[in-house]
Every structure is written in structure tokens, then in C-alpha cells.
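Worksheet for the structure shown next.
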Amino acid sequence: MNLADIKPFLERKWDDELIPRLVEYVKVPAKSPAFDASWSAHGHLGEVIKSADAWARAQKIEGLVVEIVEIPGKTPCLFFDVPATNGLGGDKTVLFYGHLDKQPEMVGWRDKFGPWTPVIEDGKLYGRGAADDGYAIYAALTVIAALDGQKVPRPRCVGIIETCEESGSPDLPEYLAKLAPRFGDVQLVAGLDSGCGNYEQLWMTTSLRGLAGGTLTVEILDEGVHSGKASGIVPSSFRIARQLLNRLDDPETGRLIDPAFHAAIPAERLEQAKAAGEILGDQVWKEFPWVGCTHGPDAHALALPTTKDPVEAILNRSWRPALSVTGAGGFPTIDSAGNVLRPKTALKLSLRLPPTVDGQEATAAMKRLLETNPPYNARVSFSGDWGATGWNAPQTAPWLKRAADEASRAAFGKDAAWMGEGGTIPFMNMLGEKFPRAQFLITGVLGPHSNAHGPNEFLHIPYVKQLSAAVASIVAAVPG
């Protein structure tokens, strides 16, 4: 196929129809269930999935079947099925994946910007969710429509768009059990929920880290007491929490201590990291919004990363575990904090895991390390709420390597690049187990400064157009 034939269609579709739809999508606070316990009553997830369903049904794609699938008590999914064209059989399929739920608001948005306030500036659509991952359903069906419009043969295409991915996809296993028989013999999984190292070529995600986490709670008193009377006698619950965290990682280096959290890095992934490091260089760490030093001899210098070696940085974020404290409880606000020794400290912990480490086992290891023999006999509990195993792609088939390079050259003028990502998409591991013979096209638009989950998140509009063309090229290359 010649991408030049479908690029005009894609340009018009994105400019005239899809970007305006995503502008409306950004306005809806369709937070994932982990961040909105009353999601069903609020109706925001239902609103965005019904909107996507209505748009999908209106597409002029011959044979397209679309339906919202619901299991009582679970977040809804959107399913679509499009028959193969030009006489290709209907058994072998391409499976598209995306999600419509969003991360919560986060502070730090620029003036006049916000999570539910769409702003288009310098070719970027700012706001929560357009890039992660509201665009996926629209891109998937637009790719199919572009191929069909040029009568390019393609396999049968099916898709599942969920609404609880940002919560770890807890509802997805039941939907997979229900829908997998309708997927056919999946040859290629096209997951459009990943990242890109730059906006200059197609990036193929080779692995995703797993995730373990939960809430660590340390209690030392039944109620707060005057700090002048109690400090020095009553140990600080925060200091105890610090001691417990030191059981997990080295406070000087951040390296996780227990071998249960580590895995060997495959030779192929090392080579891919070296190649990606040569492409990206210092951009691997410079893409982040570092603060500047405000005093001393380094007053004008930026804060420093854990490493400036691009290859080591890529491996750190893709194949090595890392612990983050993402929330805290038991603290008054600063303006209302008196001289009181607080009775308890609660910390939300997020531990990214190497792709091949079992998420449930890692969560159990965290609980054991944190709760055993607590300092000062404090009441310590760890309540695990994450246990997602990562994903490592199977060996790349020659046809996919060739198709990715050809697609990237046609869409961007450069070969495709291959790199592991630090995020977690539980669906990938689930699909890998259900369809062990499938190849994986895992890609996305979350490139430098796009800041998924954080303030000023954006969708890079020129890149999503080129990515759509590249995905179309690869779908057309799937063996019949």
C-alpha cells in the first residue's frame, strides 16, 4: 500500500472530526473507579463510552458491529467487530485495545489550563485523557476506514475499549472471559496506550513494567498529643514509616533491596535499550520538568537525575524496580498544623516492577517486609491494592519487524525504534497468556513533556496523525 493515498483522509478526519470530539471528551471528568468510588452514580464513564459508541455506529465501515458490553457491578466496555476485506479469511484477526477512563486532576496546571479544560496550543491538545487514552477508539476505527476507502486488503479487526485501566483493569478478566471467544485467532494486538521516545518515528513498546502497591499505615497513639510533652518519649509515626520504607529500598540510591523485586534483563532488551539510547541521548532525562537550585555555588543548575547515561536511564525505567510514595494521610494541612505529635501516618506506595516479576507475589513480599517486627511495637499494616504483573513481548516475527520499519519510514522518514516502557497495562499480560501466538504492536502518543497523569498533559496532534498512518500500514501487512 502507499501511505500517500490515505494520508489526506487521515488529515481531514483528525482536523475536522476527531480533535473536536476529543476536545469534548477532555471536558468530562471520567475518572477511573479507583479515584471515583461513585463512578456509576456520577455517570461520567457511561457518558464517554456512550459518546464513543454513538460515533462508532455512525462510521461508514461496511459490516461494522459495535456494542457496549456490561457485566453487573463492573465498569462497561465497548466492543467492535469489522469483517475482513478483499476475500481474506475471517478467523485471523487484529485486536485493537484502548481505554476511556482517566487519572484524577493533579495540581500544577498552567494558568487557564486544567484537567477538564481543553486548550489547543502549538499543535497540542491539553487536558486529561485525550492522549491517555481517549484517542484510541477513534484512531482504531479511522485506520480501518482509511484502509477500506483505498480498498487495501486487511484482516478482520476487533476491538475492546475498557473503562477501568487506570485502576489496574480489575474488571477486565471477566470481560476477557466473556469476549475472548469472539476475538478469533488473534495475529496482532494493536495496543494504542503506550509512549514514544520522540515525535520523529514510530516507537514499538517491547515491555511494560508491573505494579505492586497499597497503603502503609503506622499507628503509635490512639489520639494526637502535645508534641512538647510527648516528643522524645513517643516515637514519631512518620519516623517509624521512614524506617519501614528503608526495608524496601536504599534511601541513598533508590535500589530495591529484596531480590524478590528484581529480574534478569534479556539480552535482546539490552540491545534495544542501547539503540534507543543512541537515538534519544540526553532527552531521556531532560524531558522532565526539573527544578532549579536556588542557593550555593550551583544556584543556576538543575536538579539531577539518578543517571545521565541514556541506556542506564532507559533500563532503570523499563526493567528495574522503583518505589514511589504517591500520597499521604494523617497529616493536617500546613496552615492548620499545630505542635501536635500525630497518632498515625499513612503512605500510599507504588512499586514499579520488572516485566517478568509476578505482581501478586511482589505485593505479598511488600506486606511481609513492612509488617514483620515493627519498630517500637507500633501497629503497622500494609493493605495491598495493586498486584499487576508486567509484560514482555514475544520474539518479534520477521514480518512485523519489516512492516514496522516500512511503516515508520513511510510515515516519518525514519526506521522504527524499539524500547521498553515504565508504565503498566495489565491487559497486555492477560492477552499474552490468552493468545500466545500473537504479535504485539504496542505504541502510543505519550512522548516528551506529554506528562501523562500529571499537570499539563497533552496530545501531540501532528504525531497522532502520522502514527495513525503507520498503524494502518502495519495492519495491512498482517499475514493472511
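When restricted to residues that are over 14 Å from the mean Cα position of the chain (by Cα) and of a type in the set (A, V, I, L, M, F, W, C), segment 430-457 contains 6. Can G43 be described as open to solvent by 10 Å² or more (accessible area, probe 1.4 Å), closer than 26 Å to D81 by Cβ and without any contact (Cβ under 8 Å) to a residue 24 or more places away in the chain? Answer is no for this residue. Only residues that are in contact with a Pro (Cβ under 9 Å, 6 or more places away or on another chain) and either in a loop (DSSP other than H, G, I, E, B) or exposed (fewer than 12 other Cβ atoms within 10 Å of the Cβ) (or both) were counted across segment 299-320, and they come to 2. Scanning segment 48-89 for residues that are part of a loop (DSSP other than H, G, I, E, B), among the hydrophobic types (A, V, I, L, M, F, W, C) and open to solvent by 60 Å² or more (accessible area, probe 1.4 Å) yields A58, L88. Within segment 453-463, does at least one residue satisfy the condition of being part of a loop (DSSP other than H, G, I, E, B), touching a His at 6+ places or on another chain (Cβ under 9 Å) and surrounded by fewer than 24 Cβ atoms within 10 Å (Cβ to Cβ)? Checking segment 453-463: at least one residue is part of a loop (DSSP other than H, G, I, E, B), touching a His at 6+ places or on another chain (Cβ under 9 Å) and surrounded by fewer than 24 Cβ atoms within 10 Å (Cβ to Cβ).
For beta carbons closer than 8 Å, sequence separation of 6+ or different chains, a first residue in segment 67-85 that is without any contact (Cβ under 8 Å) to a residue 24 or more places away in the chain and a second that is in a strand (DSSP E or B) and open to solvent by less than 30 Å² (accessible area, probe 1.4 Å), the qualifying pairs are E67/L78; E67/F79; E67/F80; I68/C77; I68/L78; I68/F79; E70/C77.
Listed here are the strands (runs of 3 or more DSSP E) enclosed by segment 90-170 that have at least 1 residues being basic (K, R) and crowded, with 19+ Cβ neighbours inside 10 Å: 124-126, 156-162.
Test V48 against the stated conditions and say whether it is in contact (Cβ under 8 Å) with a residue 60 or more places away in the chain and touching a strand residue (DSSP E or B) at 6+ places or on another chain (Cβ under 7 Å). When the stated conditions are applied, V48 does not pass them.
Annotation: R247 fulfils all but one of (1) more than 30 Å from P170 (Cα to Cα); (2) surrounded by fewer than 22 Cβ atoms within 10 Å (Cβ to Cβ); the unmet one is (1).
Quick grid of which residues meet (1) over 20 Å from L211 (Cα atoms); (2) buried (at least 24 other Cβ atoms within 10 Å of the Cβ); (3) hydroxyl-bearing (S, T, Y):
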{"position": "E406", "(1), (2), (3)": "yes, no, no"}
{"position": "F412", "(1), (2), (3)": "yes, no, no"}
{"position": "G420", "(1), (2), (3)": "no, yes, no"}
{"position": "G432", "(1), (2), (3)": "no, no, no"}
{"position": "V445", "(1), (2), (3)": "yes, yes, no"}
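Look at segment 337-349: where a residue is assigned to a loop (DSSP other than H, G, I, E, B) and a partner is surrounded by fewer than 21 Cβ atoms within 10 Å (Cβ to Cβ) and modelled with pLDDT of 95 or more, sitting 6+ places away or on another chain with Cβ atoms under 6 Å, you get N339/S227; R342/G224; R342/G330; P343/L221; P343/E223; P343/G224.
Residue-wise test of (1) within 19 Å of A452 (Cα to Cα); (2) part of a helix (DSSP H, G or I); (3) at pLDDT 95 or above; (4) open to solvent by less than 50 Å² (accessible area, probe 1.4 Å).
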| position | (1), (2), (3), (4) |
| --- | --- |
| V218 | no, no, yes, yes |
| E223 | no, no, yes, no |
| P251 | no, no, yes, no |
| E278 | no, yes, yes, no |
| T294 | no, no, no, no |
| P297 | no, no, no, no |
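Based on this model, can you work out whether S383 counts as of a type in the set (S, T, N, Q) and closer than 19 Å to Q201 by Cα? For S383, the condition - of a type in the set (S, T, N, Q) and closer than 19 Å to Q201 by Cα - is not met.
Each row is one residue, and each column tells you yes or no for (1) under 25 Å from N316 (Cβ atoms); (2) in a strand (DSSP E or B); (3) among the charged types (D, E, K, R).
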site	(1), (2), (3)
Q395	yes, no, no
A407	no, no, no
A411	no, no, no
W418	yes, yes, no
G423	yes, no, no
E433	no, no, yes
F440	yes, yes, no
H449	yes, no, no
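The values are calculated or read from the model by the stated rules, or taken from the named source; none is laboratory data. In this text the structure is predicted, and so the values were computed from the model without any measurement. Don't worry about glycine lacking a Cβ; one is built from the backbone with ideal geometry, like all the others, and counts go over all protein chains shown. Protein only, heavy atoms only, side chains kept; ligands, DNA and RNA dropped before computing areas. Shrake-Rupley method; radii C 1.70, N 1.55, O 1.52, S 1.80 Å.
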